[in-house]
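A short write-up of the structure that comes next.
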Amino acid sequence: MGIIETHDLRFVYGKGTPFEKVALDDVSISIEQGEFIGVIGHTGSGKSTLVQLLNGLLRPASGEVLLGGNDIWAKPKKIRNVRFEVGLVFQYPEYQLFEETVYKDIAFGPTNKGIKDKEELDRIIRTAAEFAGLKESLLEKSPFDLSGGEKRRAAIAGVIAMQPKVLILDEPTAGLDPKGRDRILDRIRAYREKTGSTVLLVSHSMEDIARVADRVLVMNHGKVEMFDQTKNIFKHGERLAEIGLRVPQVTQVFLELKRLGADVRTDVYTMEFAKGVAMDFLKRTEAAPGIPAEKPAVSPAGTLREEARPDDTDATEGGDAQ
């Protein structure tokens, strides 16, 4: 049994209106405790709807969401408790900030969860800030005085402070520069490794997903297109392109090499992996019997001569006799 599962999950927007749209249809997945799951899909594929259903922000039209084996909607009046167990960081999470100070903002979640002891609350807040890579000197600042990357980390700290069993992040690196993106991803990965929590990362960046995910869930028009180990997902570059996605650039390189006839693996999805595969290929190439290069055509006088093309005409043909 997974820590979080869905059974035949279906969700419809605008049900009974002319704008009715099926956002999810027959989605059944199981995620184990401690897994790092990447969630990808084209715009409108249903990935954001799915994570809001996992968190209880949306209620399915049919099907179930199970947390620890229990239907989260079995007791609708207690659905708020599910959101403490399944923490969701929205895209552009800095819009979730609202308190006077960063410290108070991070404290909001655990306080509402029922943490009253001041010493325990302080420890939770500072630990969450550390996990998110937020400097202690920023805790007494207004969240609106922070940089874009700092705001993002403050919002993530606020969700981490609730100590959720499952942490879901919807495009947490959107709009950040490469350095800021790397910092966020490194902190999320460190948090998961240290706490053993389950993490779901929704992202349009295939490079980000390739770096951190154990398995990847590919959504396509409200259905599960693929759900497999990361290395297996990126083997299907052509199919991913067909549904509006692309594989990481390094994978594209190896797919093209394979197309050109090189005997290389195509399940390459990180630079570290690529280096090893490339070295192996070079060693095998060097060890293979050499093929002698074709010698250039040489005239009797020992000078290079150009082979006549089929449409070449002899200089004397049809010309004046010399």
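The rows are residues; the columns are (1) under 23 Å from V86 (Cβ atoms); (2) in contact (Cβ under 8 Å) with a residue 40 or more places away in the chain.
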| residue | (1), (2) |
| --- | --- |
| I188 | yes, no |
| V202 | yes, yes |
| N220 | no, yes |
| E225 | no, yes |
| N232 | no, no |
| Q252 | no, no |
| G261 | no, no |
State all residues of the stretch 200-230 that are touching a helix residue (DSSP H, G or I) at 6+ places or on another chain (Cβ under 8 Å) and surrounded by fewer than 17 Cβ atoms within 10 Å (Cβ to Cβ); if no residue qualifies, say none.
D214
Taking the stretch 149-181 only, how many residues are more than 20 Å from the chain's Cα centre (by Cα) and either of a type in the set (D, E, K, R) or farther than 26 Å from L57 by Cα (or both)?
2
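Residue by residue, here is whether (1) within 27 Å of L66 (Cβ to Cβ); (2) in contact with a strand residue (DSSP E or B) (Cβ under 8 Å, 6 or more places away or on another chain) holds:
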| position | (1), (2) |
| --- | --- |
| V82 | yes, yes |
| I106 | no, no |
| K113 | yes, no |
| L121 | no, no |
| M162 | yes, yes |
| V166 | yes, yes |
| E171 | yes, yes |
A careful count of residues in the stretch 35-44 that are at pLDDT 95 or above and either surrounded by fewer than 18 Cβ atoms within 10 Å (Cβ to Cβ) or closer than 17 Å to L58 by Cα (or both) gives 0
Do we find a residue being in a strand (DSSP E or B), on the phi < 0 side of the Ramachandran plot and in the same structural domain as V159 (by TED's automatic domain parsing) anywhere in the stretch 179-194?
no
Considering every residue within the stretch 62-76, establish whether at least one is touching a His at 6+ places or on another chain (Cβ under 7 Å), at pLDDT 95 or above and farther than 16 Å from L200 by Cα.
yes
Give the residue, chosen from L9, L53, that is touching a helix residue (DSSP H, G or I) at 6+ places or on another chain (Cβ under 7 Å), at pLDDT 95 or above and either assigned to a loop (DSSP other than H, G, I, E, B) or within 26 Å of S205 (Cβ to Cβ) (or both).
L9
If we scan the stretch 237-250, do we find a residue that is of a type in the set (A, V, I, L, M, F, W, C), within 27 Å of I188 (Cα to Cα) and modelled with pLDDT under 85?
yes
Quick one: in the stretch 63-73, which of the residues that are without any contact (Cβ under 8 Å) to a residue 60 or more places away in the chain and within 23 Å of D25 (Cβ to Cβ) is surrounded by the most Cβ atoms within 10 Å (Cβ to Cβ)?
I72
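Yes or no, residue by residue, for (1) in contact with a helix residue (DSSP H, G or I) (Cβ under 9 Å, 6 or more places away or on another chain); (2) part of a loop (DSSP other than H, G, I, E, B); (3) surrounded by fewer than 19 Cβ atoms within 10 Å (Cβ to Cβ); (4) assigned by TED's automatic domain parsing to the domain that holds A190:
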residue	(1), (2), (3), (4)
K77	no, no, yes, yes
E99	yes, yes, yes, yes
D105	yes, no, no, yes
K116	no, yes, yes, yes
E119	no, no, yes, yes
I124	yes, no, no, yes
In this structure, is D228 under 20 Å from I3 (Cα atoms) and outside any helix (DSSP H, G or I)?
yes
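The values are calculated or read from the model by the stated rules, or taken from the named source; none is laboratory data. Source: prediction; values computed, not measured. Backbone-built Cβ (ideal geometry, glycine too); neighbour counts: all protein chains shown.
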